[in-house]
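Each remark here refers to the structure printed beneath this line.
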Amino acid sequence: MGDQKQEEIEVIHSWSAPRSLSTSLMYSFAQRDDIEVLDEPLYGTFLNVTGVERPYREELLSKMECDGNKVVKEIIYGPGGKKYRFCKHIAKQRVPGLPIDLLQKGKHFILIRNPVAVLPSFDKVVPPSILELGLGELVSIYSELCALGKPPPVIDAADLQQNPEATLRGLCEDLNIPFQNAMLRWEAGPKLIDGLWAPWWYKSVHNSTCFTPTRKYPRAFPFSFYDLLEQSLPFYNMLRRHVRHTSSLLKSPLPVPDLPVPENEKLLAWVGDEIVPRESAKVSVFDSVVQGGDAVWEGLRVYSGKIFKLEEHLDRMFDSAKALAFDNVPTRDEIKEAIFRTLNANGMFDNTHIRLTLTRGKKVTSGMSPAFNLYSCTLIVLPEWKPPVYDNVSGITLVTATTRRNSPNNLDSKIHHNNLLNNILAKVEGNNASADDAIMLDKDGYVSETNATNIFLVKKGRVLTPHADCCLPGITRATVMELVVKEKFVLEERRISLSEFHTADEVWTTGTMGELSPVVKIDGRIIGDGKVGPVTRRLQDAYKKLTEDSGVPIPTNNES
(Lines give C-alpha, C1' and ligand atoms only; values in the text may rest on other atoms or scores of the structure.)
Protein backbone atom coordinates (compact mmCIF):
# COMPACT_ATOMS: atom_id res chain seq x y z
CA MET A 1 0.00 0.00 0.00
CA GLY A 2 2.84 2.40 0.80
CA ASP A 3 4.48 1.85 -2.57
CA GLN A 4 1.16 2.33 -4.35
CA LYS A 5 0.63 5.61 -2.49
CA GLN A 6 4.05 6.86 -3.53
CA GLU A 7 3.35 6.06 -7.19
CA GLU A 8 0.22 8.22 -7.13
CA ILE A 9 2.05 11.47 -6.41
CA GLU A 10 0.84 14.36 -8.59
CA VAL A 11 3.48 16.74 -9.87
CA ILE A 12 2.72 20.46 -10.16
CA HIS A 13 5.10 22.39 -12.39
CA SER A 14 5.60 26.11 -11.93
CA TRP A 15 7.24 27.74 -14.97
CA SER A 16 8.54 31.30 -14.74
CA ALA A 17 11.27 33.73 -15.70
CA PRO A 18 13.80 34.84 -13.03
CA ARG A 19 12.86 37.51 -10.48
CA SER A 20 9.14 36.71 -10.83
CA LEU A 21 8.31 35.88 -7.16
CA SER A 22 8.77 32.22 -8.04
CA THR A 23 10.64 31.54 -4.79
CA SER A 24 7.92 33.23 -2.74
CA LEU A 25 5.37 31.08 -4.52
CA MET A 26 7.46 28.00 -3.79
CA TYR A 27 7.50 28.96 -0.09
CA SER A 28 3.74 29.43 -0.26
CA PHE A 29 3.15 25.92 -1.61
CA ALA A 30 5.67 24.49 0.87
CA GLN A 31 3.36 25.50 3.72
CA ARG A 32 0.74 22.97 2.63
CA ASP A 33 0.52 19.70 4.55
CA ASP A 34 0.02 17.64 1.39
CA ILE A 35 2.94 18.77 -0.74
CA GLU A 36 6.71 18.40 -1.09
CA VAL A 37 8.81 20.97 -2.95
CA LEU A 38 11.75 20.85 -5.37
CA ASP A 39 13.69 24.04 -6.03
CA GLU A 40 14.76 24.19 -9.69
CA PRO A 41 15.59 20.49 -10.14
CA LEU A 42 16.77 21.14 -13.72
CA TYR A 43 19.37 23.76 -12.73
CA GLY A 44 22.31 21.33 -12.86
CA THR A 45 21.20 20.04 -16.28
CA PHE A 46 20.94 23.62 -17.53
CA LEU A 47 24.48 24.51 -16.44
CA ASN A 48 25.89 21.27 -17.78
CA VAL A 49 24.28 21.61 -21.21
CA THR A 50 24.68 25.34 -21.78
CA GLY A 51 28.03 25.95 -20.09
CA VAL A 52 26.87 29.30 -18.72
CA GLU A 53 28.84 30.73 -15.85
CA ARG A 54 27.55 31.19 -12.32
CA PRO A 55 29.50 32.01 -9.13
CA TYR A 56 28.42 28.65 -7.73
CA ARG A 57 28.73 26.63 -10.95
CA GLU A 58 31.31 24.04 -9.89
CA GLU A 59 29.73 23.42 -6.51
CA LEU A 60 26.30 23.00 -8.07
CA LEU A 61 27.55 20.60 -10.74
CA SER A 62 29.23 18.46 -8.12
CA LYS A 63 26.18 18.23 -5.87
CA MET A 64 23.16 18.15 -8.24
CA GLU A 65 22.10 15.45 -10.63
CA CYS A 66 22.90 16.83 -14.12
CA ASP A 67 21.58 14.03 -16.33
CA GLY A 68 18.26 15.43 -17.60
CA ASN A 69 16.72 11.99 -18.15
CA LYS A 70 17.44 10.96 -14.59
CA VAL A 71 16.21 14.28 -13.19
CA VAL A 72 12.86 13.97 -14.97
CA LYS A 73 12.26 10.28 -14.42
CA GLU A 74 13.79 9.70 -10.97
CA ILE A 75 13.55 13.06 -9.21
CA ILE A 76 10.69 15.05 -10.72
CA TYR A 77 8.45 12.04 -11.36
CA GLY A 78 10.03 9.70 -8.81
CA PRO A 79 8.09 8.32 -5.84
CA GLY A 80 7.27 10.60 -2.92
CA GLY A 81 5.72 10.60 0.47
CA LYS A 82 2.95 13.16 -0.07
CA LYS A 83 0.06 13.58 -2.45
CA TYR A 84 1.62 16.43 -4.46
CA ARG A 85 5.08 17.52 -5.53
CA PHE A 86 5.69 21.15 -6.44
CA CYS A 87 8.54 21.75 -8.91
CA LYS A 88 9.76 25.30 -9.32
CA HIS A 89 11.24 25.69 -12.83
CA ILE A 90 12.89 28.64 -14.56
CA ALA A 91 11.81 28.42 -18.19
CA LYS A 92 15.29 28.69 -19.70
CA GLN A 93 16.29 25.53 -17.79
CA ARG A 94 14.15 23.42 -20.12
CA VAL A 95 17.08 22.56 -22.36
CA PRO A 96 16.97 20.37 -25.50
CA GLY A 97 17.03 16.61 -25.01
CA LEU A 98 14.83 16.36 -21.93
CA PRO A 99 12.24 13.55 -21.92
CA ILE A 100 8.86 14.38 -23.42
CA ASP A 101 7.28 13.28 -20.13
CA LEU A 102 8.33 16.60 -18.62
CA LEU A 103 5.44 18.43 -20.30
CA GLN A 104 3.17 15.53 -21.11
CA LYS A 105 2.76 14.48 -17.49
CA GLY A 106 1.75 16.44 -14.41
CA LYS A 107 -0.06 19.75 -13.96
CA HIS A 108 1.52 22.95 -15.21
CA PHE A 109 1.04 26.66 -14.67
CA ILE A 110 2.94 29.75 -15.73
CA LEU A 111 3.99 32.67 -13.54
CA ILE A 112 4.80 35.94 -15.28
CA ARG A 113 6.03 39.35 -14.22
CA ASN A 114 6.35 42.57 -16.17
CA PRO A 115 9.96 43.05 -17.34
CA VAL A 116 9.69 46.68 -16.24
CA ALA A 117 9.61 45.35 -12.67
CA VAL A 118 12.16 42.57 -13.26
CA LEU A 119 15.03 44.32 -14.97
CA PRO A 120 15.95 46.95 -12.32
CA SER A 121 17.21 44.21 -9.97
CA PHE A 122 18.15 41.50 -12.44
CA ASP A 123 21.89 42.10 -12.81
CA LYS A 124 22.80 41.59 -9.15
CA VAL A 125 24.33 38.21 -10.08
CA VAL A 126 24.37 37.94 -13.89
CA PRO A 127 24.04 40.49 -16.70
CA PRO A 128 20.53 40.41 -18.19
CA SER A 129 19.90 39.17 -21.72
CA ILE A 130 16.95 37.88 -23.69
CA LEU A 131 18.27 34.35 -23.01
CA GLU A 132 18.67 34.91 -19.28
CA LEU A 133 15.18 36.38 -19.01
CA GLY A 134 13.74 33.31 -20.73
CA LEU A 135 10.41 34.87 -21.65
CA GLY A 136 10.62 33.47 -25.16
CA GLU A 137 11.01 29.98 -23.74
CA LEU A 138 8.06 30.66 -21.44
CA VAL A 139 5.90 31.42 -24.48
CA SER A 140 7.19 28.24 -26.11
CA ILE A 141 6.21 26.18 -23.07
CA TYR A 142 2.76 27.75 -23.05
CA SER A 143 2.30 26.98 -26.76
CA GLU A 144 3.49 23.38 -26.43
CA LEU A 145 1.18 22.70 -23.50
CA CYS A 146 -1.72 24.14 -25.50
CA ALA A 147 -0.80 21.87 -28.41
CA LEU A 148 -0.92 18.92 -26.00
CA GLY A 149 -4.47 19.92 -25.05
CA LYS A 150 -3.31 21.16 -21.63
CA PRO A 151 -3.49 24.98 -21.75
CA PRO A 152 -1.84 26.05 -18.49
CA PRO A 153 -3.23 28.65 -16.09
CA VAL A 154 -1.26 31.90 -16.19
CA ILE A 155 -0.89 34.11 -13.14
CA ASP A 156 0.83 37.47 -12.87
CA ALA A 157 3.16 38.31 -9.99
CA ALA A 158 1.46 41.70 -9.71
CA ASP A 159 -1.83 39.96 -8.90
CA LEU A 160 -0.11 37.81 -6.28
CA GLN A 161 1.16 40.97 -4.63
CA GLN A 162 -2.12 42.86 -4.92
CA ASN A 163 -4.40 40.11 -3.65
CA PRO A 164 -2.58 36.87 -2.83
CA GLU A 165 -5.54 34.99 -1.42
CA ALA A 166 -7.79 35.54 -4.41
CA THR A 167 -4.99 34.74 -6.84
CA LEU A 168 -3.94 31.58 -4.99
CA ARG A 169 -7.53 30.42 -4.66
CA GLY A 170 -7.99 30.86 -8.39
CA LEU A 171 -4.76 29.01 -9.13
CA CYS A 172 -5.71 26.11 -6.86
CA GLU A 173 -9.10 25.94 -8.56
CA ASP A 174 -7.41 25.78 -11.97
CA LEU A 175 -5.06 23.05 -10.73
CA ASN A 176 -7.99 21.18 -9.17
CA ILE A 177 -6.41 21.10 -5.72
CA PRO A 178 -7.91 22.47 -2.48
CA PHE A 179 -6.75 25.85 -1.29
CA GLN A 180 -5.16 25.99 2.16
CA ASN A 181 -4.92 29.16 4.25
CA ALA A 182 -1.40 28.15 5.30
CA MET A 183 -0.24 29.20 1.80
CA LEU A 184 -0.57 32.87 2.74
CA ARG A 185 2.35 33.00 5.23
CA TRP A 186 5.77 31.47 5.91
CA GLU A 187 8.62 31.95 8.35
CA ALA A 188 11.40 34.40 7.52
CA GLY A 189 14.92 33.15 6.83
CA PRO A 190 16.60 30.43 4.74
CA LYS A 191 14.74 27.18 4.14
CA LEU A 192 15.85 23.58 3.89
CA ILE A 193 14.21 23.43 0.48
CA ASP A 194 16.40 26.25 -0.90
CA GLY A 195 18.82 25.49 -3.69
CA LEU A 196 22.51 26.09 -2.94
CA TRP A 197 22.29 29.28 -5.05
CA ALA A 198 20.03 30.87 -2.42
CA PRO A 199 22.75 33.15 -0.88
CA TRP A 200 23.16 34.86 -4.25
CA TRP A 201 19.47 35.23 -5.17
CA TYR A 202 17.17 34.83 -2.16
CA LYS A 203 18.21 37.59 0.23
CA SER A 204 15.06 39.68 -0.15
CA VAL A 205 12.67 36.72 -0.06
CA HIS A 206 14.39 35.45 3.11
CA ASN A 207 13.32 38.71 4.75
CA SER A 208 9.70 38.12 3.78
CA THR A 209 6.90 36.26 5.51
CA CYS A 210 4.15 36.70 2.91
CA PHE A 211 3.34 38.26 -0.43
CA THR A 212 3.52 42.01 0.01
CA PRO A 213 2.05 44.79 -2.17
CA THR A 214 4.20 46.33 -4.86
CA ARG A 215 6.10 49.51 -4.15
CA LYS A 216 3.89 52.56 -4.56
CA TYR A 217 6.53 54.17 -6.74
CA PRO A 218 8.82 52.02 -8.89
CA ARG A 219 12.59 52.14 -8.88
CA ALA A 220 14.20 54.18 -11.62
CA PHE A 221 14.46 51.98 -14.68
CA PRO A 222 18.03 51.32 -15.86
CA PHE A 223 17.83 52.67 -19.41
CA SER A 224 20.86 50.66 -20.44
CA PHE A 225 18.32 47.78 -20.50
CA TYR A 226 15.81 49.71 -22.65
CA ASP A 227 16.43 47.62 -25.79
CA LEU A 228 16.05 44.42 -23.78
CA LEU A 229 12.76 45.71 -22.40
CA GLU A 230 11.47 46.32 -25.91
CA GLN A 231 12.52 42.82 -26.94
CA SER A 232 10.92 41.08 -23.96
CA LEU A 233 7.64 42.97 -23.53
CA PRO A 234 5.86 41.29 -26.48
CA PHE A 235 6.41 37.88 -24.86
CA TYR A 236 5.09 39.12 -21.52
CA ASN A 237 2.07 40.79 -23.15
CA MET A 238 1.23 37.65 -25.08
CA LEU A 239 1.10 35.61 -21.87
CA ARG A 240 -0.61 38.39 -19.94
CA ARG A 241 -3.62 38.11 -22.26
CA HIS A 242 -4.20 34.61 -20.89
CA VAL A 243 -4.30 35.56 -17.20
CA ARG A 244 -7.63 34.46 -15.77
CA HIS A 245 -8.97 36.49 -12.87
CA THR A 246 -10.96 34.08 -10.74
CA SER A 247 -12.30 36.24 -7.94
CA SER A 248 -14.19 39.49 -7.63
CA LEU A 249 -11.81 40.28 -4.77
CA LEU A 250 -9.15 40.99 -7.37
CA LYS A 251 -8.72 44.46 -8.74
CA SER A 252 -9.65 43.03 -12.12
CA PRO A 253 -10.59 44.73 -15.37
CA LEU A 254 -14.08 44.56 -16.82
CA PRO A 255 -15.04 41.12 -18.13
CA VAL A 256 -14.00 40.44 -21.71
CA PRO A 257 -16.92 41.62 -23.87
CA ASP A 258 -18.52 39.61 -26.61
CA LEU A 259 -17.73 40.87 -30.11
CA PRO A 260 -20.63 41.75 -32.43
CA VAL A 261 -19.03 39.41 -34.99
CA PRO A 262 -17.03 36.71 -33.14
CA GLU A 263 -14.95 35.95 -36.24
CA ASN A 264 -13.26 39.33 -35.79
CA GLU A 265 -11.50 38.14 -32.63
CA LYS A 266 -8.64 37.07 -34.87
CA LEU A 267 -7.84 39.43 -37.70
CA LEU A 268 -4.88 41.19 -39.28
CA ALA A 269 -4.60 44.96 -39.70
CA TRP A 270 -2.17 47.23 -41.49
CA VAL A 271 -0.48 49.76 -39.20
CA GLY A 272 2.27 52.02 -40.53
CA ASP A 273 4.02 49.77 -43.01
CA GLU A 274 3.23 46.25 -41.82
CA ILE A 275 0.47 43.73 -41.21
CA VAL A 276 0.00 42.84 -37.53
CA PRO A 277 -2.46 40.78 -35.41
CA ARG A 278 -5.43 42.52 -33.81
CA GLU A 279 -3.88 42.76 -30.34
CA SER A 280 -0.69 44.27 -31.79
CA ALA A 281 -2.51 46.80 -33.98
CA LYS A 282 -1.49 49.94 -32.09
CA VAL A 283 -0.11 53.40 -32.81
CA SER A 284 2.41 55.37 -30.80
CA VAL A 285 1.31 57.63 -27.95
CA PHE A 286 3.17 60.30 -29.91
CA ASP A 287 0.94 59.81 -32.96
CA SER A 288 -1.14 62.82 -33.96
CA VAL A 289 -4.37 60.84 -33.84
CA VAL A 290 -3.72 60.27 -30.11
CA GLN A 291 -2.47 63.79 -29.43
CA GLY A 292 -5.35 65.64 -31.08
CA GLY A 293 -7.57 63.43 -33.23
CA ASP A 294 -5.44 64.74 -36.09
CA ALA A 295 -6.25 62.25 -38.84
CA VAL A 296 -8.58 61.63 -41.75
CA TRP A 297 -10.50 58.47 -42.48
CA GLU A 298 -12.78 56.62 -44.87
CA GLY A 299 -15.17 53.70 -44.60
CA LEU A 300 -15.05 51.16 -47.43
CA ARG A 301 -17.16 48.11 -48.13
CA VAL A 302 -16.24 44.93 -49.99
CA TYR A 303 -18.81 43.12 -52.13
CA SER A 304 -18.05 39.85 -53.95
CA GLY A 305 -14.33 40.46 -54.41
CA LYS A 306 -14.65 44.17 -55.25
CA ILE A 307 -14.23 47.37 -53.21
CA PHE A 308 -17.20 49.65 -53.83
CA LYS A 309 -16.38 53.27 -54.75
CA LEU A 310 -12.72 52.88 -53.79
CA GLU A 311 -11.46 55.66 -56.05
CA GLU A 312 -14.09 58.11 -54.77
CA HIS A 313 -13.18 57.38 -51.17
CA LEU A 314 -9.50 57.86 -51.90
CA ASP A 315 -10.27 61.15 -53.65
CA ARG A 316 -11.98 62.39 -50.50
CA MET A 317 -9.19 61.12 -48.26
CA PHE A 318 -6.55 62.98 -50.26
CA ASP A 319 -8.70 66.12 -50.31
CA SER A 320 -9.13 65.93 -46.54
CA ALA A 321 -5.41 65.38 -45.99
CA LYS A 322 -4.59 68.33 -48.24
CA ALA A 323 -7.10 70.58 -46.47
CA LEU A 324 -5.39 69.71 -43.18
CA ALA A 325 -1.95 70.36 -44.73
CA PHE A 326 -0.57 66.85 -44.21
CA ASP A 327 3.01 66.26 -45.37
CA ASN A 328 4.65 63.01 -46.46
CA VAL A 329 1.35 61.46 -47.54
CA PRO A 330 1.53 57.95 -49.06
CA THR A 331 0.70 57.70 -52.75
CA ARG A 332 -2.62 56.42 -54.00
CA ASP A 333 -0.97 53.24 -55.26
CA GLU A 334 0.74 52.67 -51.89
CA ILE A 335 -2.57 52.98 -50.03
CA LYS A 336 -4.36 50.70 -52.47
CA GLU A 337 -1.59 48.13 -52.19
CA ALA A 338 -1.84 48.18 -48.39
CA ILE A 339 -5.61 47.62 -48.65
CA PHE A 340 -5.23 44.76 -51.12
CA ARG A 341 -2.51 43.05 -49.10
CA THR A 342 -4.49 43.31 -45.87
CA LEU A 343 -7.66 41.90 -47.43
CA ASN A 344 -5.71 39.02 -48.99
CA ALA A 345 -3.97 38.25 -45.70
CA ASN A 346 -7.37 37.99 -43.98
CA GLY A 347 -9.11 36.19 -46.84
CA MET A 348 -11.75 38.93 -46.77
CA PHE A 349 -13.40 39.27 -50.17
CA ASP A 350 -17.05 39.85 -49.27
CA ASN A 351 -19.26 41.19 -46.46
CA THR A 352 -16.31 43.21 -45.18
CA HIS A 353 -16.02 46.78 -43.93
CA ILE A 354 -12.70 48.62 -43.94
CA ARG A 355 -11.86 51.52 -41.65
CA LEU A 356 -9.12 53.34 -43.55
CA THR A 357 -7.26 55.95 -41.49
CA LEU A 358 -4.39 58.29 -42.32
CA THR A 359 -2.92 60.21 -39.39
CA ARG A 360 -0.56 63.17 -39.62
CA GLY A 361 1.95 60.76 -38.14
CA LYS A 362 4.17 60.45 -35.11
CA LYS A 363 5.58 63.52 -33.38
CA VAL A 364 9.11 63.98 -32.07
CA THR A 365 7.62 65.42 -28.87
CA SER A 366 4.08 65.83 -27.59
CA GLY A 367 2.33 69.02 -28.60
CA MET A 368 -0.18 70.56 -30.97
CA SER A 369 2.11 71.93 -33.66
CA PRO A 370 2.45 70.01 -36.94
CA ALA A 371 6.03 71.25 -36.91
CA PHE A 372 6.69 68.33 -34.54
CA ASN A 373 5.56 65.84 -37.22
CA LEU A 374 8.91 64.93 -38.69
CA TYR A 375 7.97 61.37 -39.58
CA SER A 376 5.71 60.25 -42.39
CA CYS A 377 1.96 59.82 -42.04
CA THR A 378 0.64 56.69 -40.32
CA LEU A 379 -1.62 54.52 -42.48
CA ILE A 380 -4.12 52.15 -40.82
CA VAL A 381 -6.17 49.56 -42.72
CA LEU A 382 -8.62 47.86 -40.37
CA PRO A 383 -10.87 45.29 -42.08
CA GLU A 384 -13.68 43.51 -40.24
CA TRP A 385 -16.32 40.99 -41.11
CA LYS A 386 -19.32 43.29 -40.80
CA PRO A 387 -22.80 43.19 -42.34
CA PRO A 388 -24.70 46.50 -42.57
CA VAL A 389 -25.05 47.82 -39.03
CA TYR A 390 -28.72 48.92 -39.20
CA ASP A 391 -31.99 47.06 -39.67
CA ASN A 392 -32.58 47.74 -43.36
CA VAL A 393 -35.63 45.48 -43.49
CA SER A 394 -37.86 46.74 -40.67
CA GLY A 395 -36.30 50.19 -40.30
CA ILE A 396 -34.68 52.28 -37.58
CA THR A 397 -35.67 55.07 -35.19
CA LEU A 398 -34.08 58.49 -34.74
CA VAL A 399 -34.23 61.28 -32.18
CA THR A 400 -33.08 64.86 -32.58
CA ALA A 401 -29.96 65.79 -30.64
CA THR A 402 -29.41 69.11 -28.92
CA THR A 403 -25.77 68.96 -30.06
CA ARG A 404 -25.44 71.00 -33.25
CA ARG A 405 -23.41 69.97 -36.28
CA ASN A 406 -20.27 71.98 -36.93
CA SER A 407 -20.56 74.69 -39.55
CA PRO A 408 -17.76 75.87 -41.86
CA ASN A 409 -17.40 78.77 -39.40
CA ASN A 410 -15.90 76.27 -36.96
CA LEU A 411 -14.69 73.10 -38.66
CA ASP A 412 -15.66 72.32 -42.23
CA SER A 413 -17.62 69.09 -42.47
CA LYS A 414 -16.19 68.49 -45.93
CA ILE A 415 -12.97 67.48 -44.16
CA HIS A 416 -13.51 63.87 -43.16
CA HIS A 417 -11.43 64.08 -40.00
CA ASN A 418 -11.11 61.93 -36.87
CA ASN A 419 -12.03 64.68 -34.41
CA LEU A 420 -15.50 63.21 -33.94
CA LEU A 421 -16.52 64.49 -30.52
CA ASN A 422 -19.28 66.59 -32.06
CA ASN A 423 -20.85 63.44 -33.54
CA ILE A 424 -20.14 61.32 -30.48
CA LEU A 425 -21.99 63.71 -28.18
CA ALA A 426 -25.02 63.47 -30.45
CA LYS A 427 -24.72 59.67 -30.47
CA VAL A 428 -24.71 59.69 -26.66
CA GLU A 429 -28.06 61.48 -26.80
CA GLY A 430 -29.35 58.88 -29.25
CA ASN A 431 -28.19 56.03 -27.02
CA ASN A 432 -29.81 57.61 -23.98
CA ALA A 433 -33.09 57.77 -25.88
CA SER A 434 -32.72 54.13 -27.04
CA ALA A 435 -32.73 55.30 -30.65
CA ASP A 436 -30.54 53.91 -33.42
CA ASP A 437 -29.01 57.31 -34.21
CA ALA A 438 -29.52 61.02 -33.63
CA ILE A 439 -30.42 63.79 -36.07
CA MET A 440 -28.12 66.81 -35.88
CA LEU A 441 -29.28 70.31 -36.79
CA ASP A 442 -27.08 73.06 -38.17
CA LYS A 443 -26.49 76.42 -36.44
CA ASP A 444 -29.73 77.79 -37.92
CA GLY A 445 -31.90 74.88 -36.82
CA TYR A 446 -32.14 73.09 -40.15
CA VAL A 447 -31.51 69.36 -40.44
CA SER A 448 -27.92 68.58 -41.40
CA GLU A 449 -27.42 64.81 -41.05
CA THR A 450 -27.36 62.19 -38.33
CA ASN A 451 -24.37 61.58 -36.09
CA ALA A 452 -23.12 58.95 -38.56
CA THR A 453 -25.06 59.18 -41.84
CA ASN A 454 -26.62 61.48 -44.41
CA ILE A 455 -30.39 61.70 -44.52
CA PHE A 456 -33.15 61.85 -47.18
CA LEU A 457 -36.92 62.24 -47.14
CA VAL A 458 -39.76 61.63 -49.60
CA LYS A 459 -42.79 63.93 -49.79
CA LYS A 460 -45.45 63.47 -52.48
CA GLY A 461 -43.06 61.65 -54.76
CA ARG A 462 -40.23 64.18 -54.43
CA VAL A 463 -36.90 63.18 -52.84
CA LEU A 464 -35.22 65.81 -50.69
CA THR A 465 -31.84 65.93 -48.92
CA PRO A 466 -30.05 68.74 -47.05
CA HIS A 467 -27.29 70.76 -48.67
CA ALA A 468 -23.79 69.53 -47.76
CA ASP A 469 -23.01 72.78 -45.95
CA CYS A 470 -22.86 71.46 -42.40
CA CYS A 471 -22.74 67.78 -43.19
CA LEU A 472 -20.33 65.41 -44.84
CA PRO A 473 -20.77 65.10 -48.61
CA GLY A 474 -21.03 61.34 -48.33
CA ILE A 475 -19.97 58.93 -51.07
CA THR A 476 -23.10 56.83 -50.48
CA ARG A 477 -25.14 60.06 -50.43
CA ALA A 478 -23.83 61.04 -53.85
CA THR A 479 -24.42 57.52 -55.17
CA VAL A 480 -28.04 57.52 -53.98
CA MET A 481 -28.62 60.99 -55.45
CA GLU A 482 -27.50 59.62 -58.81
CA LEU A 483 -29.83 56.64 -58.40
CA VAL A 484 -32.75 58.93 -57.53
CA VAL A 485 -32.32 60.70 -60.85
CA LYS A 486 -31.73 57.45 -62.72
CA GLU A 487 -34.95 56.01 -61.28
CA LYS A 488 -36.73 59.16 -62.54
CA PHE A 489 -37.67 60.65 -59.19
CA VAL A 490 -37.52 64.40 -58.66
CA LEU A 491 -34.46 65.28 -56.54
CA GLU A 492 -34.29 68.47 -54.52
CA GLU A 493 -31.27 69.56 -52.45
CA ARG A 494 -32.13 72.40 -50.07
CA ARG A 495 -32.49 73.50 -46.48
CA ILE A 496 -34.97 71.22 -44.72
CA SER A 497 -36.58 71.90 -41.35
CA LEU A 498 -37.12 69.25 -38.71
CA SER A 499 -40.92 69.32 -39.04
CA GLU A 500 -40.57 68.35 -42.71
CA PHE A 501 -38.89 65.15 -41.59
CA HIS A 502 -41.57 64.56 -38.94
CA THR A 503 -44.27 64.78 -41.62
CA ALA A 504 -42.45 63.02 -44.45
CA ASP A 505 -43.93 60.08 -46.35
CA GLU A 506 -40.61 58.22 -46.20
CA VAL A 507 -37.17 58.82 -44.66
CA TRP A 508 -33.91 56.95 -45.01
CA THR A 509 -30.27 57.42 -44.08
CA THR A 510 -27.20 56.60 -46.18
CA GLY A 511 -23.67 55.54 -45.34
CA THR A 512 -21.08 52.90 -46.12
CA MET A 513 -21.69 51.18 -42.77
CA GLY A 514 -25.45 50.90 -43.26
CA GLU A 515 -26.15 51.39 -47.00
CA LEU A 516 -29.80 52.64 -47.27
CA SER A 517 -31.51 52.39 -43.89
CA PRO A 518 -35.28 53.08 -43.71
CA VAL A 519 -36.40 55.34 -40.85
CA VAL A 520 -39.80 54.48 -39.37
CA LYS A 521 -39.89 56.85 -36.37
CA ILE A 522 -38.38 60.26 -35.53
CA ASP A 523 -38.81 61.88 -32.11
CA GLY A 524 -41.77 59.60 -31.43
CA ARG A 525 -43.52 60.48 -34.70
CA ILE A 526 -44.35 57.57 -37.00
CA ILE A 527 -42.98 58.19 -40.48
CA GLY A 528 -45.59 57.47 -43.15
CA ASP A 529 -47.37 54.27 -42.19
CA GLY A 530 -44.45 53.10 -40.04
CA LYS A 531 -43.22 50.70 -42.71
CA VAL A 532 -40.52 50.78 -45.34
CA GLY A 533 -41.88 52.85 -48.23
CA PRO A 534 -41.93 52.01 -51.97
CA VAL A 535 -39.38 54.67 -52.98
CA THR A 536 -36.97 53.44 -50.31
CA ARG A 537 -37.33 49.82 -51.43
CA ARG A 538 -36.83 50.73 -55.06
CA LEU A 539 -33.65 52.62 -54.29
CA GLN A 540 -32.42 49.83 -52.00
CA ASP A 541 -32.81 47.40 -54.90
CA ALA A 542 -31.04 49.77 -57.29
CA TYR A 543 -28.19 50.26 -54.81
CA LYS A 544 -27.82 46.50 -54.32
CA LYS A 545 -27.65 46.00 -58.09
CA LEU A 546 -24.98 48.70 -58.34
CA THR A 547 -22.81 47.07 -55.66
CA GLU A 548 -23.05 43.77 -57.54
CA ASP A 549 -22.05 45.27 -60.88
CA SER A 550 -19.34 47.78 -59.95
CA GLY A 551 -16.29 48.20 -57.76
CA VAL A 552 -12.51 47.83 -57.92
CA PRO A 553 -11.52 44.13 -58.07
CA ILE A 554 -9.19 42.93 -55.31
CA PRO A 555 -6.11 41.44 -57.01
CA THR A 556 -4.98 38.04 -55.75
CA ASN A 557 -2.17 35.62 -56.57
CA ASN A 558 -4.79 33.34 -58.12
CA GLU A 559 -5.28 35.69 -61.04
CA SER A 560 -3.76 34.67 -64.34
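The values are calculated or read from the model by the stated rules, or taken from the named source; none is laboratory data. None of these values were measured; they are calculated from a predicted model. For neighbour counting, all protein chains shown are included, and Cβ atoms are generated from backbone atoms with ideal geometry for every residue, glycine included. Calculation scope for accessible area: heavy atoms of the full protein, side chains included, ligands and nucleic acids excluded. Shrake-Rupley method; radii C 1.70, N 1.55, O 1.52, S 1.80 Å.
Relative to the current alpha-carbon distance between L131 and T209, full extension at 0.36 nm per residue lengthens the span by 25.0 nm.
How would the stretch 10-241 be classified by its alpha-carbon gyration tensor: rounded, prolate or oblate, with rounded meaning a/c under 1.5 and the a/b versus b/c comparison settling the rest? Spell out each step's value before the answer.
Numbers: a/c = 1.24, a/b = 1.08, b/c = 1.15.
Note, shape of the stretch 10-241 comes out rounded.
State the percentage of accessible surface on the stretch 283-439 attributable to carbon and sulfur atoms; use a 1.4 Å probe and exclude ligands, DNA and RNA. Within the stretch 283-439, the accessible surface is 54 percent carbon and sulfur. Each Cα pair under 8 Å and six or more residues apart adds its separation to the average, and for the stretch 1-146 the resulting relative contact order is 41 percent. Axis angle, to the nearest 10 degrees, between helix 534-549 and the longest C-alpha principal axis of the chain: 60 degrees. Other residues within the sphere of radius under 14 Å centred on the Cβ of L145, judged by their own Cβ, net out at 0 (K and R +1, D and E -1).
Label separation (D529 vs A325): 5.7 nm, computed from points 7 Å beyond Cα along the C-beta direction.
Helix 310-323 and the longest principal axis of the Cα set of the chain meet at an angle near 90°.
Placing +1 on each Lys and Arg Cβ and -1 on each Asp and Glu Cβ, with no other charges, gives the stretch 161-260 a dipole about its Cα centre of roughly 300 debye. Note on K386: aspartates and glutamates with a C-alpha under 14 Å away, same-chain residues under 8 apart excluded, are E263, E265, D350, E515. Taking packing as the residue-averaged number of other Cβ atoms within 10 angstrom, the listed peptides 545-552, 364-371 run from highest to lowest as 545-552, 364-371.
Measuring r between the beta carbons of A433 and E65 and using R0 = 60 Å, the FRET efficiency lands at 0.25. With θ taken as phi - 60° and the Karplus curve 6.51 cos²θ - 1.76 cosθ + 1.60 applied, the whole-hertz 3J(HN,Hα) list for the stretch 271-282 is 10, x, 9, 8, 9, 9, x, 3, 6, 9, 7, 9 Hz, x standing for glycine and proline. Compute the relative contact order of the stretch 471-529 as a whole-number percentage, counting only Cα pairs closer than 8 Å that sit 6 or more residues apart in sequence. Relative contact order for the stretch 471-529 comes out at 30 percent. Pop out the carbon and sulfur fraction of the accessible area of the stretch 10-241 as a percent, whole number, probe 1.4 Å. C and S fraction of accessible area: 53 percent.
List the GluC sites (Glu not before Pro) within the stretch 37-107 that DSSP assigns to loop and that have no more than 12 neighbouring Cβ atoms inside 10 Å.
Details: sites: E53, E58, E59, E65, E74; in loops: E53, E65.
Here the GluC sites (Glu not before Pro) that fit, given the DSSP loop and packing criteria, are E53.
Summing +1 for each Lys or Arg and -1 for each Asp or Glu among the other residues whose beta-carbon sits under 10 angstrom from that of I354 gives +1.
At 1.4 Å probe radius, can you tell me the per residue accessible area of the chain in Å²? Please list the in-between numbers first.
Values: 27140 Å² over 560 residues.
With all protein chains present, the chain gives 48 Å² per residue.
Estimated from helical segments only, the mean residue ellipticity of the chain at 222 nm is -8500 deg cm²/dmol, where each DSSP H run of four or more residues counts as -39500 (n - 2.57). Counting only alpha carbon atoms, the long axis of helix 475-486 and the longest principal axis of the chain meet at about 30°. A crude spin-label estimate for the pair N418 and D227, with each label 7 Å from Cα along the Cβ direction, gives 3.1 nm. Checking the cross-link pairs K191/K216; K83/K216; K82/K216 against a 32 Å limit on the alpha carbon distance flags K83/K216; K82/K216 as lying beyond it. Rounded to the nearest 0.05, the FRET efficiency derived from the C-beta distance between Q31 and S304 at R0 = 56 Å is 0.30. Taking every alpha-carbon pair under 8 Å whose residues sit at least 6 apart, the chain reaches a relative contact order of 11 percent.
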